[in-house]
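Here the structure comes first, spelled out in structure tokens, and everything after it is commentary.
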Amino acid sequence: MDSRLYRKALSQFATGVTVVTSTKDNGTPVGLTVNSFNSVSLDPMLVLWSCQNSSPNLPVILKRRAYIIHVLADEQQNLCDLFSQPVDDKFSNLDFRMTASGLPKISGTLAWFECELIDDHPGGDHRILVGRVLNFDVSDGSPLVYAQGALGSFSRLEP
């Protein structure tokens, strides 16, 4: 099968854009852009996302077993770009605070979910991570959307 055509077919499904953050053993914050996020269960509150096996963040998250998933607003494309790059210190010019549990929480996102990693599964060239939501918050705004290989914003259809 043609992998390029497969990627094109997958890109027809619009997704939101998130940034997942955690910390190394020494407290250094790490993060990556993720669009493979979705809910699993309402009771208990479970979410999942997948991480490329080659990501330098994967061993950190598997070891720490805790992270925050941030849902980006449409004006936060800069965060999407920043966390998709292999930059050493993504947090140096970023508005964030450390939570009581020692995780970096980015300010101004539409929603965030603080999670405990409860399970992970192999998924080809990715690892599927399932988290139990320990805390969350939500704000009003328009989400950043990824579809057809491009970022955009959401607009409601008129009834």
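On the stretch given as segment 1-29, residues that are crowded, with 20+ Cβ neighbours inside 10 Å and under 12 Å from the mean Cα position of the chain (by Cα) total 6.
Applying the selection to segment 116-131, what residues are of a type in the set (Val, Ile, Thr) and either buried (at least 18 other Cβ atoms within 10 Å of the Cβ) or more than 16 Å from the chain's Cα centre (by Cα) (or both)? Matches in segment 116-131: Ile118 only.
Residue pairs whose Cβ atoms lie under 8 Å apart, sitting 6 or more positions apart in sequence or on different chains, and linking a residue in segment 88-101 that is under 19 Å from Gln77 (Cβ atoms) to a partner that is part of a loop (DSSP other than H, G, I, E, B) and of a type outside the set (Lys, Arg), are Asp95/Ser107; Asp95/Gly108; Phe96/Ser107. The set of residues in segment 94-115 being surrounded by fewer than 18 Cβ atoms within 10 Å (Cβ to Cβ) and within 17 Å of Leu42 (Cβ to Cβ) consists of Ala111 alone. Can you tell me which of Thr21, Thr15, Thr28, Thr33 is touching a Pro at 6+ places or on another chain (Cβ under 9 Å) and of a type in the set (Ser, Thr, Tyr)? From the options Thr21, Thr15, Thr28, Thr33, the qualifying one is Thr21. In this structure, is Leu103 within 18 Å of Asp137 (Cβ to Cβ) and in contact with a helix residue (DSSP H, G or I) (Cβ under 9 Å, 6 or more places away or on another chain)? Answer is yes for this residue.
Among the residues of segment 41-65, those that are part of a loop (DSSP other than H, G, I, E, B) and farther than 17 Å from Gln85 by Cβ comprise Leu42, Asp43, Pro44, Met45, Asn53, Arg65.
Of all residue pairs spaced 6 or more apart or on separate chains, those with beta-carbon atoms under 8 Å, a first member in segment 131-159 that is farther than 14 Å from Thr15 by Cα and a second member that is assigned to a strand (DSSP E or B) and acidic (Asp, Glu) are Gly131/Glu116; Arg132/Glu116; Val133/Glu114; Leu134/Glu114; Leu134/Glu116; Asn135/Glu114; Phe136/Glu114. If you check Ile118, Ile106, Ile68 for being touching a strand residue (DSSP E or B) at 6+ places or on another chain (Cβ under 9 Å), hydrophobic (A, V, I, L, M, F, W, C) and without any contact (Cβ under 8 Å) to a residue 60 or more places away in the chain, only one passes: Ile68.
FYI, it's all coordinate maths here, none of it is from the lab. Predicted, not measured: the structure shown is a model, and the values here were computed from it. FYI the Cβ positions are ideal-geometry reconstructions off the backbone, even for glycines, and counts take in every protein chain you see.
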